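Worksheet: the structure to be examined is printed underneath.
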4 protein chains.
Amino acid sequence: MKVQLLNSTPEPEKTVCMAARLCYSDNSISELDDKVQGISYEKFLGKILKMGHLSVLEHASFTFGIEGISRATSHQLVRHRVASYSQQSQRYVTVKDPEYVVPASIKDDDGRNKRFEDAVKSIYKLYGELVAEGVPAEDARFILPNAACTKIIVTMNARELLHFFSLRCCERAQWEIREMATLMLKLAKNRAPFIFRESGPSCVRGTCGEGDMTCGKPKEIRKKFTSL
Amino acid sequence: MKVQLLNSTPEPEKTVCMAARLCYSDNSISELDDKVQGISYEKFLGKILKMGHLSVLEHASFTFGIEGISRATSHQLVRHRVASYSQQSQRYVTVKDPEYVVPASIKDDDGRNKRFEDAVKSIYKLYGELVAEGVPAEDARFILPNAACTKIIVTMNARELLHFFSLRCCERAQWEIREMATLMLKLAKNRAPFIFRESGPSCVRGTCGEGDMTCGKPKEIRKKFTSL
Amino acid sequence: MKVQLLNSTPEPEKTVCMAARLCYSDNSISELDDKVQGISYEKFLGKILKMGHLSVLEHASFTFGIEGISRATSHQLVRHRVASYSQQSQRYVTVKDPEYVVPASIKDDDGRNKRFEDAVKSIYKLYGELVAEGVPAEDARFILPNAACTKIIVTMNARELLHFFSLRCCERAQWEIREMATLMLKLAKNRAPFIFRESGPSCVRGTCGEGDMTCGKPKEIRKKFTSL
Amino acid sequence: MKVQLLNSTPEPEKTVCMAARLCYSDNSISELDDKVQGISYEKFLGKILKMGHLSVLEHASFTFGIEGISRATSHQLVRHRVASYSQQSQRYVTVKDPEYVVPASIKDDDGRNKRFEDAVKSIYKLYGELVAEGVPAEDARFILPNAACTKIIVTMNARELLHFFSLRCCERAQWEIREMATLMLKLAKNRAPFIFRESGPSCVRGTCGEGDMTCGKPKEIRKKFTSL
């Protein structure tokens, strides 16, 4: 899996602070730039996040390039509707070199891993034959597994990212999307440290929201995300 | 493939007419019901659609139950973001009886079909073994093919449905989602004949919007959809 | 202010339960209807809400007709983006009988009320003159006050309504939108008692989320909303 | 009215081209940067727009600072739901220096203009008195007119902007929002000339979509927007 931050709103934290300041002051828009120069983003953004004034975070967007994830994970990812996606098409792009993801529960057992790898090889062999026989790629791909890798470019704004990380960095999320979300968070946090300071599953900001389903190790998780 | 209309806003066309009338009259809301009694929905809705006053269509929603479609198609479906989805989980539900879709380009050739069926059988056999060995369903499903069937409940409002049908009933859409969308349109049209009267690909309402990619048979397509 | 529930998804709670059941069982869609017959909606929906499995609530929509609210309030209302609106146009509809809202802080003081009423009367007089002189309604309305009444039809799904009520039924919301939201909640709760059972500001479901800004009377508020 | 482009996705056209290329090629994401270096954005974006492959435009966002518009116009603006807004609050910010918009149909007639100005002055005088007497700003503002100025920061992606300009730059839109949208388009076009090359009302790209309501001067309008 490879996750890159391809692009983002320049000076995301300044932009968010300007928007927040506009709502509650009588500054002109030209003055906003100056007005936020002196302030501590850490303190101001901390206050905004604590107040739940989250709409201002929407003015900062982040574009990620993600590859080496399975279609099982991309199917989950695209369920987040407040986001923009461009995904490599299995209809238009014929697969040449098979790329696929093997879950640890399979990979870590040699015999199991072999059976899985053999099955995948047979699948891609059949796929190649079908394409060679003139079956359209969009039909041949019906045999391809959920494990097949995909590439996708994703744009989300900071508000949606906080929500996304809250759900998908949690121990209860599927392992692959959790790994992907955690890499995204690391990159976003590097670019906008105060916006994403307490980002991650809900336990990072206080108490676990998963009830009986809790993983039971909030301390450990909190440590992991605060030191990301 | 089985598509059912599970539910919809009662009196969808009346509701839309009331909303449209509110925008441009000084009627009270209590009067709206009476005011739209006498009118011809056919004429009034025809006018609204022609004017492009589409926002009023959002007050009418339709809920479909869809099963027997492949995950290849559901992955395309859920890319439509102005909609609500509840999909059977491959993480939580272990597959017992394999159900899968075979494209015609494969099914129609006996030898090809046999190779495909054999491959699918091996895949489900391995899936069953992995589950039996204690591999979580969410990991075992990595071997399952795009052809695997899924079940999904979808709610869209009439405005989004018009957009969805415009894209997905077109000959250029993938054959399976086109078949599904056409069944949905038939059901929606039966419930709200004047809203969906000219629904379908853009050629139904005038000229093809696909440029060089046109299927070249707009007359035939128009006939198909107007008589649906 | 007058708020009516004009329309809603038939059997909203059954629809939501069917969608929830689909996600985690291997039932066919045709079986779902039967499968949810025997169950207690109260218990099942309580569980869904507690787990935060909120997406299934989107399959139930509610359409409200609202009149007698000020444009100050409708400007706040339409900021909720996951909803559909049809509002009486001040561009196309010329006001005949002035209708407007007077806040209690003005109405309750006789002198103040008189000055306010006199001002509003002068405003509507000028508006009428401008229209009579041939100034387009869309320009004449520039003189109309925020207090001017509007009529609007609003459709929201149950998930968005829970979010809306959480923000707008809170004591910290502006008094007029709070009054409106509370009337909407009462109507929705009557139609779908188990979905909206604990709906209202966050204190109804546990602790106040407003921090230092708390109204300080969570007990009172909780009582108000649970007995709505 | 003052409209500024405060921020935008860096290299918006390159970002969009990379996303489009990913969908239809087997390039890795790291290669995309190189692959789009040599190409003509003009040609490639022209093709994307013609094909209607608009989703890739969502990866480029633009943030505008707008002030000196009336609340009549901001009420229309915020009806566009695929966008992010931060607006100066009339609840929290007490107006000191009255700022308001006078439509030309009033301003251009001296007598009429005087009556309008006098009315506005009385209104702001009463507003000031109410605030001084301790009436909360959120209630005193009920007397303020639609003409009152507001300040707002707006973020939209390029796809939504194309849609917004299509509706709001049209002669049939209200004059003030049209003026604002045209200023926004000019700024966006300067930043991303090929994305917004044919942006504006539908007549710029071909035929008028307004039917009987057409302004009847498509040539003139087309010229205005292509030379913006």
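Any read-out appearing in this document is the output of simple, stated calculations on the displayed coordinates, not a laboratory observation. Since we're looking at a predicted model, the values are computed, not measured. Please note: Cβ atoms are built from the backbone with ideal geometry, for glycine as well, and neighbour counts cover all protein chains shown.
A few notes on this one:
- Averaged over the residues of peptide B:23-32, the number of Cβ atoms from other protein chains lying within 10 Å of each residue's Cβ is 6.
- Least to most buried among B:THR150, D:THR73 (fewest other Cβ within 10 Å first): B:THR150, D:THR73
- Pairwise FRET efficiency - C:ARG191 versus D:THR94, Cβ, R0 = 41 Å, nearest 0.05: 0.50
- Across the identical copies, the label point of A:ARG79 (7 Å from Cα in the Cβ direction) is separated from its matches by 1.9, 3.1, 3.5 nm, in order from shortest.
- Other-copy label distances relative to C:MET51, 7 angstrom Cα-Cβ extension, nm: 3.7, 4.1, 4.6
- Cβ-based net charge around C:THR214, under 11 Å, with every Lys or Arg adding one and every Asp or Glu removing one: -1
- Euclidean distance of C-alpha centroids, segment B:1-37 and segment B:151-191, integer Å: 21
- With label points set 7 Å from Cα along Cα→Cβ, the inter-copy distances at C:GLN37 are 3.8, 6.9, 7.4 nm, sorted shortest first.
- Kyte-Doolittle mean at least -1.0, axial Cα span of 27 Å or more - DSSP H helices of chain A: A:110-132
- As a proxy for reagent exposure, B:SER55, D:SER122 were ordered by neighbouring Cβ count within 10 angstrom, fewest first; the result is D:SER122, B:SER55.
- Considering only chain A, the C-beta nearest to the rotation axis that sends A to B is found at A:ARG81, 2, the distance in whole Å.
- Look at B:SER227, A:SER202, A:SER30 and count the other Cβ atoms within 10 Å of each Cβ; fewest to most, that gives B:SER227, A:SER30, A:SER202.
- Gyration tensor over the Cα atoms of chain B: the corresponding equivalent ellipsoid has semi-axes (square roots of 5 times the eigenvalues, largest first) of 41, 22, 12 Å.
- Qualifying GluC sites (Glu not before Pro) for segment C:124-228 [loop in DSSP, other Cβ within 10 Å: at most 14]: C:GLU133
- Peptide D:144-152 is shielded by partner chain Cβ atoms: per residue, an average of 5 of them sit within 10 Å of its Cβ.
- Across segment B:57-97, the residues whose backbone nitrogen lies under 18 Å from the label position 7 Å along the beta-carbon direction of A:VAL82 are B:80-85.
- Sites D:SER40 and A:ASP34 - FRET efficiency at Förster radius 35 Å, r taken between beta-carbons, to 0.05: 0.30
- A Förster distance of 60 Å, applied to the separation of the beta-carbon atoms of D:ALA137 and B:LYS223, puts the FRET efficiency at 0.45.
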